[in-house]
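Peer 1: The following block contains the structure, expressed as structure tokens.
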Amino acid sequence: MELHLRTGTPDDAAACGRIIFEAFGKISRQHNFLTDFPKVEIAIVLASMLLAHPKFYCAVAELDGRIAGSLFMEERSIISAIGPLTVDPAVQDRSIGRQLMSDALRRAESQRAAGVRLVQTAYHARSLSLYTKLGFDSREELACFAGTAPGIAIPGREVRPASEADVEVCNNLCRRIHGFDRGHELHDAIHQETAAVVEYAGRITGYATPLAYFGHAVAETNDDMAALIAAAKAYGPGFLVPVRNGDLMRWCLAHGLRVTQVLTLMTFGIYQEPGGVWIPSISY
């Protein structure tokens, strides 16, 4: 059977969403974990949103004219971020995932991305092996926390919705921690009314876009981050905390949140060790 790669279109949403649902469901059941997509409709909605977004690249793999897999790559900053990458379980073991990944790396190079990142599910050994072979390095172990937001106040911290007037301060904070900003994501979150900032002593000391799978957060201290976590309305499937941040992990556990799985942040290209408190999205 002949494999063909092409750019995805909004018309591909149903087929890509179905494969996302089936691929995630199969691997999670094999390892006795809950799937990230309990209903096919959720996966289709995600695929529809990403295919319609001008800052996401989508590669679709076809076998004899039928969609067999897809890869999405975010291009909202100098760092490109891959995910989700899925292959129809019925046609796995035919190097489709490798070819989609190779296409994404060529795309990132053509767009002059400074680096490429992804978050890999730790129990999925095959994807870890593939990404490592393609040149990705494992940088950080992440714990996914889920549960009900504590809804408590952190002394001295005030959390409020973010506005356009906050963007430059937030971008500067992100640059200090990561070496680059994620301003386009912040703008999107502000327009969606999901972004928040935390203030201490009259100045912004952290922000979130929001605390959820597809949001990220940066802060000066663990107290600032705890304030953002506590004030969140909901986490969806969860948010990711670097395992090395034991103090923040313990705070989450002490306030009723639970670890549901462990993931790995992987990078290709430039990487700067973060210089503050941070929470990545499911992409990076």
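Peer 1: Is it the case, given these coordinates, that ARG258 is surrounded by fewer than 18 Cβ atoms within 10 Å (Cβ to Cβ), within 20 Å of PRO155 (Cβ to Cβ) and assigned by TED's automatic domain parsing to the domain that holds GLY151?
Peer 2: no
Peer 1: Do we find that VAL218 is free of Cβ contacts under 8 Å to residues at least 60 places away in the same chain and not polar (S, T, N, Q) in this structure?
Peer 2: No, not satisfied.
Peer 1: Among (1) in contact with a Phe, Trp or Tyr (Cβ under 8 Å, 6 or more places away or on another chain); (2) over 21 Å from ALA146 (Cα atoms), which single condition is HIS191 missing?
Peer 2: The one condition HIS191 does not meet is (1).
Peer 1: I'm trying to understand the selection: among the residues of region 268-284, which are surrounded by fewer than 20 Cβ atoms within 10 Å (Cβ to Cβ) and not acidic (Asp, Glu)?
Peer 2: Scanning region 268-284 gives GLY269, ILE270, TYR271, GLN272, PRO274, GLY275, GLY276.
Peer 1: Could you figure out which of (1) out of contact with any His (no Cβ under 6 Å at 6 or more places or on another chain); (2) not assigned by TED's automatic domain parsing to the domain that holds PRO84 isn't true of TYR123?
Peer 2: (1)
Peer 1: Which one is nearest to ALA226 (Cα to Cα), of the residues in region 242-263 that are assigned to a strand (DSSP E or B) and either of a type in the set (Val, Ile, Thr) or touching a Cys at 6+ places or on another chain (Cβ under 8 Å) (or both)?
Peer 2: Of everything passing the filter in region 242-263, VAL259 is nearest to ALA226 (Cα to Cα).
Peer 1: Turning to a different aspect of this structure: Identify all residues within region 150-169 that are in contact with a His (Cβ under 9 Å, 6 or more places away or on another chain) and surrounded by 14 or more Cβ atoms within 10 Å (Cβ to Cβ); write none if there are none.
Peer 2: Within region 150-169, PRO150, VAL167 meet the criteria.
Peer 1: Please list, ordered by first then second residue, the pairs with beta carbon atoms under 7 Å, 6 or more apart or interchain, first in region 169-194 and farther than 16 Å from LYS55 by Cα, second among the acidic types (Asp, Glu) and in a helix (DSSP H, G or I).
Peer 2: Taking only residues 6 or more apart or on different chains, the pairs are ILE190/GLU164.
Peer 1: Sort out which residues of region 216-240 are crowded, with 24+ Cβ neighbours inside 10 Å and either outside any strand (DSSP E or B) or acidic (Asp, Glu) (or both), and write them in order of number.
Peer 2: HIS216, ASP224, MET225, ALA227, LEU228, ILE229
Peer 1: Let me ask you something else. Do we find a residue being farther than 25 Å from GLU273 by Cβ and either surrounded by fewer than 16 Cβ atoms within 10 Å (Cβ to Cβ) or among the aliphatic types (A, V, I, L, M) (or both) anywhere in region 120-127?
Peer 2: yes
Peer 1: Does region 213-227 contain at least one residue that is touching a helix residue (DSSP H, G or I) at 6+ places or on another chain (Cβ under 6 Å) and either polar (S, T, N, Q) or in the same structural domain as ILE42 (by TED's automatic domain parsing) (or both)?
Peer 2: Yes, that holds for at least one residue.
Residue-wise test of (1) surrounded by 18 or more Cβ atoms within 10 Å (Cβ to Cβ); (2) touching a residue at least 12 places away in the same chain (Cβ under 8 Å).
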| site | (1), (2) |
| --- | --- |
| ASP11 | no, no |
| ALA14 | no, yes |
| GLY17 | yes, yes |
| ILE20 | yes, yes |
| SER28 | yes, no |
| PRO38 | no, no |
| CYS58 | yes, yes |
| ALA61 | yes, yes |
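For every residue, the table says whether it meets (1) closer than 27 Å to VAL262 by Cα; (2) part of a loop (DSSP other than H, G, I, E, B).
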residue: ARG18; (1), (2): yes, no
residue: ALA23; (1), (2): yes, no
residue: ASN32; (1), (2): yes, yes
residue: THR35; (1), (2): yes, yes
residue: ALA68; (1), (2): no, no
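Peer 1: Tell me, please, whether a residue that is touching a Leu at 6+ places or on another chain (Cβ under 7 Å) and either at pLDDT below 95 or on the phi > 0 side of the Ramachandran plot (or both) can be found in region 208-231.
Peer 2: yes
Peer 1: Pick out the one residue from ALA90, ALA113, ALA108 that is in contact with a Ser or Thr (Cβ under 7 Å, 6 or more places away or on another chain) and either surrounded by fewer than 21 Cβ atoms within 10 Å (Cβ to Cβ) or part of a helix (DSSP H, G or I) (or both).
Peer 2: Going through ALA90, ALA113, ALA108 in turn, the sole match is ALA108.
The values are calculated or read from the model by the stated rules, or taken from the named source; none is laboratory data. All of these numbers come straight from a predicted model, not from anything done at the bench. We place every Cβ from the backbone using ideal geometry, glycine too, and count neighbours over all the protein chains shown.
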